[in-house]
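Beneath this line is the structure, given in structure tokens, with notes to follow.
Where a number appears in this text, it was derived from the coordinates with a stated rule and is not lab data. Nothing here was measured: the structure is a model prediction, and the numbers come from that model. Virtual Cβ from ideal backbone geometry, glycine too; neighbours counted across all protein chains shown.
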Amino acid sequence: MAKILVVDDEEHIRLLYSEELTEAGYEVITAADGYELTERIEKEKPDIVILDIKMIDYNGLDLLQDIRNKFYNLPVILCTAYDTFKEDIKSIAADFYVIKSFDLTELKKKIAMALEANIP
Amino acid sequence: MFEHEANPDNIKKATFVVAIPSYNEADSIAFPVQQADQGIQLFFGDIDSVIINCDNNSDDGTKEIFLGIKTNTPKIYISTEPGVKGKGRNFRNLFKKIVELEAEGVVVVDADLKSITPKWIKHLGEPLFQDFGYVAPLYVRHKYDGTITNSIAYPLTRSLYGRRVRQPIGGDFGFCGKLAKIYLESDTWSEAIANFGIDIWMTTLAMNENIPICQAFMGRPKIHRAKDPGADLGPMFRQVVGTIFNMMIKFYPFWSNVKWSKPTSIFGFGLGETEMPPPVKVNKETLFTKFQNGFNTCSHIWEKILQKETVNKLQEVRKMNKDQFDFPTNLWINVLIDFTVAYRDKLWVEDELLDSLIPIYLGKTLSYVKKAERMSIRDSEEFIEEECLQFEATKKLLMKHWDGE
């Protein structure tokens, strides 16, 4: 069972993602902020990270850069309410991005693709 | 009298190298050399470094200009034999020199660069001392610039080898000393690689060797001597696309196991506000005419190598007038799949086969230009990303055709 780490400062999003993704057959763990995120990833060893871009004290794009530098192949999907983040070149270090929605179809599709991605 | 090497400071070892390949660049080489020197002094001041000009024995005084520029960093000039040309051959000499110098990091920049700053050296070089083995450039390019990259090199290398390198034929990049040895020992060398196929070959080998790759954001757009795309397209297209196809044959065991793609790390932020690239003018009439003319000159090849339904679809596109012209992405992918199989199976003379792809490519380019007319650079990037996802999603079809099913 693939393990997903959801990093989002909004509690309702963490709850929604946890419930829906658990139902979809994933093991879900959550973090409410980016505090010591790379250490947490090292400890929990998730197969994929779902990362909110705009958190109160953290910039998701900076966290993405930290993750990518330390965990070269770990899939990261950016989640955001707005698509203006695409103006920032750092966003291309993500595997995918999705616009936040209560319908998780697109997110689930991107999770499946990111987990399937393979380079020998 | 011909001199293969000039090494006035008698440099025997260097940890860091900035290399500038050239052929008749006397009027432009001084600027990138000066910027490279400043970059080395500012950011690699505590490392033994050297600037190397690898040249095709230019007869315009490139060597004298290069060696005459006052720099704090020592310089070495190396050249191919008289009459021996080709960008790739310059690189081969460079690889040998890098191995000899036991260099750990190498940054290459074009000799005609007008937009290079010292920070380019930092951003292309620093990751080589932080666990990365290959650093590709990330420029903001005009939406009509680099159409071979956008339509062929980027989507194909990404979907084949699984790593998203936006500028796989960027011309300015960094690589580690270990790769220089791998390049020298590779058994894939060809005439195309000895020329303009060199950039895509280096990127492809780095991917196949599982070398950690990152992309360095350059901040400024690449501004260099303008080339006439019409005049240059034939040989360059043949060499780049031929190299991609040859690598596909060689590295089938690797790419057949790749699924979807993964991003890379990005380096080089803090360059201030991103500068917008200068506009690129495209003559849509010429693209349309050359696409239409392709049916007169290449139909006999297409009918031999393309699937029947692909030929039929091309005929449908041919009937469209310029205003309604649209070349679907899935048709373009099907064309490329058939061309790669035909190239592998030698269904036609190699050069003629590759040349016959040009009119179709120009049709695809016209379609892109029309769609991108009202797009921002960011939107056109998203459009290309969507096309890449289509390439990745169609990989099963590519595998089916390659496996002869």
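If you average the C-alpha positions of region A:56-120 and of region B:326-373 separately, how far apart do those two centres end up, in angstrom?
32
Given charges of +1 on the Cβ of Lys and Arg and -1 on the Cβ of Asp and Glu, with all other atoms neutral, how large is the dipole of region A:1-79 about its Cα centre, in debye to the nearest 20? Before the final figure, lay out each step's value.
Details: 8 positive and 18 negative charges, 78 e Å.
Roughly 380 debye, rounded to the nearest 20.
Along the charge dipole of region B:5-267, pointing to its positive end and built from +1/-1 on Cβ of Lys, Arg, Asp and Glu, which listed residue (B:Phe129, B:Thr203, B:Gln41) has its Cα farthest out?
Farthest towards the positive pole: B:Thr203.
Run the numbers on chain B and let me know its relative contact order in percent, using alpha-carbon pairs under 8 Å that are six or more apart.
That works out to 16 percent.
Dipole of chain B (Lys/Arg Cβ +1, Asp/Glu Cβ -1, origin at the Cα centre): which of B:Gly363, B:Met320, B:Pro278 lies farthest to the positive side?
B:Met320
Would you please classify the overall shape of the protein assembly as shown from the alpha carbon gyration tensor, given that a ≥ b ≥ c denote the square roots of the eigenvalues, rounded means a/c under 1.5, and beyond that prolate means a/b larger than b/c while oblate covers the rest?
oblate
For chain B, just say rounded, prolate or oblate: build the C-alpha gyration tensor, square-root its eigenvalues into a ≥ b ≥ c, call rounded for a/c under 1.5, and beyond that prolate if a/b exceeds b/c, oblate if not.
Judged from the Cα gyration tensor, chain B comes out prolate (a/c at least 1.5, a/b above b/c).
Quick one: work out the % antiparallel among DSSP beta bridges in region A:3-115, nearest 5.
Taking every DSSP beta bridge with both residues in region A:3-115, the antiparallel ones total about 5 percent.
Per DSSP helix of 4 or more residues, -39500 (n - 2.57); summed, then divided by the residues of the protein assembly as shown. What does that give at 222 nm, rounded to the nearest 500?
Result for the protein assembly as shown, helices only: -14500 deg cm²/dmol.
Each label point is 7 Å from the Cα along the Cα-to-Cβ direction; what then is the distance between the points at A:Ala112 and A:Asp83, in nm?
Distance between label points: 2.2 nm.
For chain B, with only Lys/Arg (+1) and Asp/Glu (-1) charged at the beta-carbon, what is the dipole magnitude about the Cα centre, in debye rounded to 20?
Computed about the Cα centre, the dipole is about 900 debye.
Using only the Cα atoms of region A:3-115, build the gyration tensor, take square roots of its eigenvalues as a ≥ b ≥ c, and label the shape rounded, prolate or oblate: rounded if a/c is under 1.5, else prolate if a/b is larger than b/c, else oblate. Write out the running numbers ahead of the final one.
Working: a/c = 1.30, a/b = 1.12, b/c = 1.16.
Judged from the Cα gyration tensor, region A:3-115 comes out rounded (a/c under 1.5).
Nearest 5 is fine: what % of DSSP beta bridges in region B:5-267 come out antiparallel, could you say?
If I count the DSSP bridges inside region B:5-267, around 25 percent turn out antiparallel.
When the Cα centres of region B:146-173 and region B:30-73 are compared, how far apart do they sit, in Å?
What the calculation gives is 28 Å, centre to centre.
Work through the residues other than A:Phe71 whose Cβ is under 13 Å from its Cβ and net out their charges, Lys, Arg +1 and Asp, Glu -1.
It works out to a net charge of -1.
Can you tell me what share of the DSSP beta bridges in the protein assembly as shown is antiparallel? A percent to the nearest 5 is fine.
Values: 11 of 53 bridges.
Beta bridges within the protein assembly as shown, antiparallel portion: roughly 20 percent.
For region B:228-363, what does the relative contact order come out to in percent, with C-alpha contacts under 8 Å and a separation of six or more?
This gives 41 percent for region B:228-363.
Taking 8 Å as the Cα distance limit and 6 or more residues as the minimum spacing, I'd like the relative contact order of region A:44-120 as a percentage.
This gives 31 percent for region A:44-120.
Once you average over the residues of A:113-120, how many Cβ atoms of partner chains fall within 10 Å of each Cβ?
6
Simple spin-label model, 7 Å along Cα-to-Cβ: B:Asp9 to B:Thr286 in nm?
It is 4.3 nm.
Residue separation times 0.36 nm, minus the C-alpha to C-alpha distance between B:Asn296 and B:Gln390: what's the value?
The span from B:Asn296 to B:Gln390 would gain 30.8 nm if fully extended.
For peptide A:90-96, how many partner chain Cβ atoms fall within 10 Å of a residue's Cβ, on average?
5
To the nearest 20 debye, what is the magnitude of the charge dipole of the protein assembly as shown about its Cα centre, counting +1 on the Cβ of each Lys and Arg and -1 on the Cβ of each Asp and Glu?
1200
Please list, or write none, the lysines whose alpha carbon is within less than 24 Å of the alpha carbon of A:Lys110, excluding same-chain residues fewer than 8 places away.
A:Lys3, A:Lys45, A:Lys54, A:Lys70, A:Lys86, A:Lys90, A:Lys100, B:Lys259, B:Lys262, B:Lys395, B:Lys396
Can you compute the FRET efficiency between B:Lys400 and B:Trp189 using 1/(1 + (r/R0)^6), with r the Cβ-Cβ distance and R0 = 30 Å? Round to the nearest 0.05.
For B:Lys400 and B:Trp189, the calculated efficiency is 0.45.
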